[in-house]
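Below: the structure, in structure tokens.
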Amino acid sequence: MMDLKEIVEPLIQWFRENKRDLPWRQTKDPYAVWVSEIMLQQTRVEAVKPYYIRFLQTLPTVKDLANADEEVILKLWEGLGYYSRVRNMQKAAMQIMEDFGGVFPANQKDLLSLKGIGSYTAGAVGSIAFGLPIPAVDGNVLRVMSRITADASDISLQITKKEWESRLAEIMPQECAGDLNQALMELGATVCLPNGAPKCGVCPVRASCMAYCKNQTAVYPVKAEKKPRTLEYLNVFFCVDGEKIAIGKRPKNGLLSGLWELPNGQRDIAPPVTLQEMGILEAELLPMKGQKHIFTHVEWHMDCYFVRVTKKTESDLLWLTREEAEAQYALPSAFKKIWAEGLKQMK
């Protein structure tokens with residue numbers, strides 16, 4: 001087994017000389033670091049930048065997040081997806097206010113007690129904001145380390161992540177653990193790229209990398225194939241009554257739980273039947289372009305309709321002007337193209 005200590009100094013030096021200029025790297029404020037780390041999960045860096053800046057301008061402190069109206073935080077998060085992340089952030093902010101007197105906890109145990117914070121986020125926030133010598137192991141780090149050591153363990157398994165957390169904990173420098181964690185993440189994001197296409201020529205630790213030395217970078221990391229996504233077929237309706245457009249709220253459980261949506265129903269139920277159940281008694285239906293949206297485990301195939309309502313009754317639908325809807329309510333990305341197409345039809 002190779003001595004991992006030999007990669008520490010080259011990585012830290014490389015990171016300090018080559019790190020990207022990112023807004024969350026201008027601060028050690030644990031709240032700001034935490035916001036960035038949660039946003040960066042499953043989201044590209046360039047996409048996160050404007051969200052991060054807007055979020056902190058609107059909710060600059062833990063107290064502000066704890067006290068915010070849910071519609072406000074969902075609107076700030078609109079387009080980032082995985083809305084449970086920001087809901088958990090608000091629950092964690094409430095914990096910080098109630099259990100820690102509004103002060104962000106500065107040790108690993110207390111960080112892990114917060115809603116939505118697992119070992120990776122605790123390691124990232126703990127090391128970057130507080131200098132705690134604990135690793136932050138995400139997909140980038142797993143890929144980097146599996147290549148450096150030519151480790152054939154399946155990186156999709158929790159036991160593999162735990163093993164790497166243990167091994168990296170042994171080499172965390174006491175004085176700059178945050179730099180090492182960020183160096184590993186940065187290397188995975190910019191050099192040791194996925195899908196067998198790493199930029200080995202500019203890698204600061206290629207001389208120590210067993211996969212590179214064996215010309216086997218395409219072999220690592222080893223990862224089990226994902227199960228195929230579940231396909232779901234929907235009818236989605238852009239319903240208009242004068243200048244008002246209908247949105248509805250999804251159930252509190254399941255996919256996109258509790259978020260606002262365009263009215264919809266299963267494709268195997270005739271559109272007029274679904275609309276009747278929603279309180280739309282008479283309407284003109286015009287087909288629009290079909291859409292597809294891919295979630296992590298589910299794929300939606302949507303037939304879309306512009307619905308000009310002529311008679312309706314009381315229902316759970318919320319009828320809003322375009323301006324009201326876009327200013328106050330977060331609409332998941334799955335419905336964005338349909339919304340845009342429906343607005344064109346209104347003109």
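The values are calculated or read from the model by the stated rules, or taken from the named source; none is laboratory data. Quantities reported herein were computed from a predicted structural model and do not represent experimental measurements. A quick note on method: Cβ atoms are made from the backbone with ideal geometry, for glycine too, and the neighbour counts reach across all protein chains shown. Heavy atoms of the whole protein, side chains included, go into the accessibility calculation; ligands, DNA and RNA do not. Shrake-Rupley method; radii C 1.70, N 1.55, O 1.52, S 1.80 Å.
Taking the range 24-42 only, how many residues are assigned to a loop (DSSP other than H, G, I, E, B) and open to solvent by less than 30 Å² (accessible area, probe 1.4 Å)? Even if it seems obvious, please write down each step before you answer.
Let us first name the residues in the range 24-42 that are assigned to a loop (DSSP other than H, G, I, E, B), namely 27-29, 41-42.
From the residues that got through so far, the ones that are open to solvent by less than 30 Å² (accessible area, probe 1.4 Å) too are none.
Residues flagged as assigned to a loop (DSSP other than H, G, I, E, B) and open to solvent by less than 30 Å² (accessible area, probe 1.4 Å) within the range 24-42 amount to 0.
Only one of the numbered conditions (1) basic (Lys, Arg); (2) closer than 30 Å to PRO194 by Cα; (3) surrounded by 11 or more Cβ atoms within 10 Å (Cβ to Cβ) is violated by LYS227, and that is (3).
Say whether the condition of being over 30 Å from GLY279 (Cβ atoms), within 22 Å of the chain's Cα centre (by Cα) and surrounded by fewer than 16 Cβ atoms within 10 Å (Cβ to Cβ) is met by at least one residue in the range 195-212.
If we filter the range 195-212 for residues that are over 30 Å from GLY279 (Cβ atoms), which is where we start, we get 195-212.
Filter again for within 22 Å of the chain's Cα centre (by Cα), leaving 195.
Next cut, surrounded by fewer than 16 Cβ atoms within 10 Å (Cβ to Cβ) only: 195.
So far as the range 195-212 goes, yes, one or more of its residues are over 30 Å from GLY279 (Cβ atoms), within 22 Å of the chain's Cα centre (by Cα) and surrounded by fewer than 16 Cβ atoms within 10 Å (Cβ to Cβ).
A search for C-beta distances below 9 Å between a residue of the range 218-241 that is more than 18 Å from GLU277 (Cβ to Cβ) and any residue that is among the basic types (Lys, Arg) and open to solvent by 80 Å² or more (accessible area, probe 1.4 Å), counting only pairs 6+ apart in sequence or on different chains, returns GLU232/ARG267; VAL240/ARG308.
Go through the range 282-338 and count every residue that is in a strand (DSSP E or B), in contact with a Leu (Cβ under 8 Å, 6 or more places away or on another chain) and within 19 Å of LEU80 (Cβ to Cβ). Residues meeting the conditions: 2. Residues in the range 1-23 that are part of a helix (DSSP H, G or I), open to solvent by 100 Å² or more (accessible area, probe 1.4 Å) and not charged (D, E, K, R): 1 in all. In the range 43-59, the qualifying residues are those that are surrounded by 14 or more Cβ atoms within 10 Å (Cβ to Cβ) and polar (S, T, N, Q), and the one that is nearest to HIS297 (Cα to Cα) is THR43.
Flag: ALA246 matches the condition of being part of a strand (DSSP E or B) and of a type in the set (A, V, I, L, M).
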